[in-house]
Amino acid sequence: MAESRLDPMAFADLADGQMRRVEGLGEHGVVVCRVGGQLFAVDDNCTHRDARLSEGRLRHHTLTCPLHGA
């Protein structure tokens, strides 16, 4: 399997509390969030309802699914 990496400098313009979807990584892509000055990346898929988490809401350290609010 090929290894994929995200370049943190590609997210220098991402403000605290914002998120961005990145395609081409994993089966569903990833969502990158900046919280407290740090970058976090998670699979862009809610396993409960098969929805894009990047279409949900980011509050503090919680990324909420747009379909069922969890």
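Can you confirm whether the range 53-66 contains a residue that is at positive phi and either touching a strand residue (DSSP E or B) at 6+ places or on another chain (Cβ under 6 Å) or open to solvent by 60 Å² or more (accessible area, probe 1.4 Å) (or both)? Yes: the range 53-66 contains one or more residues that are at positive phi and either touching a strand residue (DSSP E or B) at 6+ places or on another chain (Cβ under 6 Å) or open to solvent by 60 Å² or more (accessible area, probe 1.4 Å) (or both).
Having 1 or more residues that are hydroxyl-bearing (Ser, Thr, Tyr) and more than 9 Å from the chain's Cα centre (by Cα) is the bar; report the strands (runs of 3 or more DSSP E) wholly within the chain that clear it. Even if it seems obvious, please write down each step before you answer.
Working: elements: 19-22, 30-35, 38-43, 57-59, 62-64.
Correct list: 62-64.
The requirement of being open to solvent by 70 Å² or more (accessible area, probe 1.4 Å) and either in contact with a Cys (Cβ under 6 Å, 6 or more places away or on another chain) or of a type in the set (Phe, Trp, Tyr) (or both) is fulfilled somewhere in the range 35-48, by at least one residue. No other residue among ARG21, ARG5 is basic (Lys, Arg) and either touching a residue at least 60 places away in the same chain (Cβ under 8 Å) or surrounded by 10 or more Cβ atoms within 10 Å (Cβ to Cβ) (or both) apart from ARG21.
Among residues of the range 55-70 that are polar (S, T, N, Q), those with a Cβ under 9 angstrom from a residue that is loosely packed, with under 14 Cβ neighbours inside 10 Å and not in a loop (DSSP other than H, G, I, E, B), sequence gap 6+ or separate chain, pair up as THR64/ARG57.
The values are calculated or read from the model by the stated rules, or taken from the named source; none is laboratory data. Just so it is clear, the model here is predicted, and its values are computed rather than measured. Don't worry about glycine lacking a Cβ; one is built from the backbone with ideal geometry, like all the others, and counts go over all protein chains shown. The area values use the complete protein model at the heavy-atom level, side chains included, leaving out ligands, DNA and RNA. Shrake-Rupley method; radii C 1.70, N 1.55, O 1.52, S 1.80 Å.
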